[in-house]
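Trainee: Mind looking over this structure? Questions follow.
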Amino acid sequence: MKNRQSRRDFLKLTAAGAIGAAFVSQYGCKSVPKIGLQLYTIRDAMVADPAGSLKIVAETGYKFVELADYANRKFYNYAPAEFLKMVRDLGMEIISSHTQVEGVGVTLDNAKIMAEDHATLGVKYCLQPWIVEEMRTSIASYQRMAENWNKIGEVMKEYGIQFGYHNHNFEFATVEGKVPYFDVMLAELDPKLVTMELDMFWTTKAGHNPVDLFNKYPGRFRLFHLKDAYTREAPFYDVIKTDIAPVGEGVIDFKAIIAAKDVAGMEYMIVEQDDSRDNTIMKDIKTSFVNLTTKILV
């Protein structure tokens, strides 16, 4: 039994080494793509067992994580310094965090508190991940949000953090004859204060080619959210998650998207899978990582 176990461990290490070798041969040590996991992907596991779940993420091969649970000045119910130690002890880095900041109504004092807590983690990015439905009804509402996000971006910048916005597909729907993502967000957000985290699934579902966006708005997209789609569909703007696939298992051309990363200004690529069709999310995050490192980035 011991010999069998040792052989299994050896094969696991050999497989991991092969992936690492492929990385080095293709990119060189200094330019290996920085791949993270958005922990919203494994949100149920993070509630049940944060330490054990993070250990699985690290063993899968991810070196960076993006958080999705900040409340009452804690991350996943841990004080900032305590959660940071947990991640670092596993050899990973917290690169970014999705917050619960709303576009209208947040005070600058609240933004400062949020910035202080995230600075303790050493994150580079802090992101607005969602807009409630009632705030999507008019262009004026989107404009107020953009104005407010610029102010939040100024606060974050004082703490060495870049503020940003993560899209879904509803931002590409027409509102009062305009498209909020293009006519407000990219038009009125200060690129020095607010970057865009482009979600490839939602952007594609809204009928847009991410590479076209990079070419039209170069340098505006420092973070990529990578999630695949099982099927090609007509553009739609409802948040429907039933077609989400692990990266490399669907129809999105990630090779073309990542090939344009320098035009986009991308610094990190982050795997996010909102739901698992087969209820195998831990297997899915491994599939995404393996597909990226052995098929897409080679």
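Read-outs: derived from the displayed coordinates by stated rules, not from any lab. Predicted, not measured: the structure shown is a model, and the values here were computed from it. Methodologically, a virtual Cβ is constructed for each residue, glycine included, from the backbone with ideal geometry; neighbour enumeration extends over all protein chains shown.
Trainee: Specify, per residue and in Å³, the volume enclosed by the convex hull of the alpha carbon atoms belonging to the chain.
Mentor: Output value, Cα hull per residue: 137 Å³.
Trainee: Comparing Leu90, Leu37, Leu198, which has the greatest mean-square fluctuation in the GNM of the chain with Cα pairs linked when under 10 Å apart?
Mentor: Highest fluctuation among the options: Leu90.
Trainee: Hey, fewest Cβ within 10 Å first, where do Arg222, Arg144 land in order? Display every interim value, and only then the final one.
Mentor: Working: Arg222 20, Arg144 16.
Lowest count first: Arg144, Arg222.
Trainee: Return Ile131, Ile285 ranked ascending by Cβ neighbour count within 10 Å, so the fewest neighbours appear first.
Mentor: Working: Ile131 20, Ile285 25.
Ranking Ile131, Ile285 by Cβ neighbours within 10 Å, fewest first, gives Ile131, Ile285.
Trainee: In the range 173-298, what % of DSSP beta bridges are antiparallel (nearest 5)?
Mentor: The antiparallel fraction comes to roughly 30 percent.
Trainee: Further question: Between the range 219-298 and the range 139-153, what is the separation of their alpha carbon centroids in Å?
Mentor: A separation of 28 Å, based on Cα centres.
Trainee: Compactness ratio of the range 209-298: Cα Rg over 2.2 N^0.38 Å, N = residue count?
Mentor: It is 1.10.
Trainee: So, one more: Multiply the residue gap between Glu82 and Thr280 by 0.36 nm, knock off their C-alpha separation, and tell me the result in nm, one decimal place.
Mentor: 68.4 nm
Trainee: Here's another thing I want to ask about it. Using only Cα atoms, tell me the angle between helix 281-291 and the longest principal axis of the chain; keep it within 0 to 90° and round to the nearest 10.
Mentor: Compared with the principal axis, the helix lies near 80 degrees.
Trainee: Binned at 5 Å from 0, what are the whole-percent values of the Cα-Cα distance distribution for the range 56-150, short to long?
Mentor: 2, 12, 22, 21, 15, 11, 8, 5, 2, 0
Trainee: Could I ask something else about it? Could you put Val87, Val290, Val239 in order, starting from the residue whose Cβ has the fewest other Cβ atoms within 10 Å?
Mentor: Ascending number of Cβ neighbours within 10 Å: Val239, Val290, Val87.
Trainee: Let me ask another. Can you compute the helix-only [θ] at 222 nm over the chain? Use -39500 (n - 2.57) per DSSP H run of at least 4 residues, normalise by all residues, nearest 500 deg cm²/dmol.
Mentor: Numbers: 11 runs with 120 residues, N = 298.
Value at 222 nm, helices only, nearest 500: -12000 deg cm²/dmol.
Trainee: Based only on the alpha carbon positions, what is the Kirkwood hydrodynamic radius of the range 148-239, in angstrom?
Mentor: 13.9 Å
Trainee: Another question, then. Sorted from largest down, give the three principal axis spans of the alpha carbons of the range 101-195, whole angstrom values.
Mentor: 42, 22, 19
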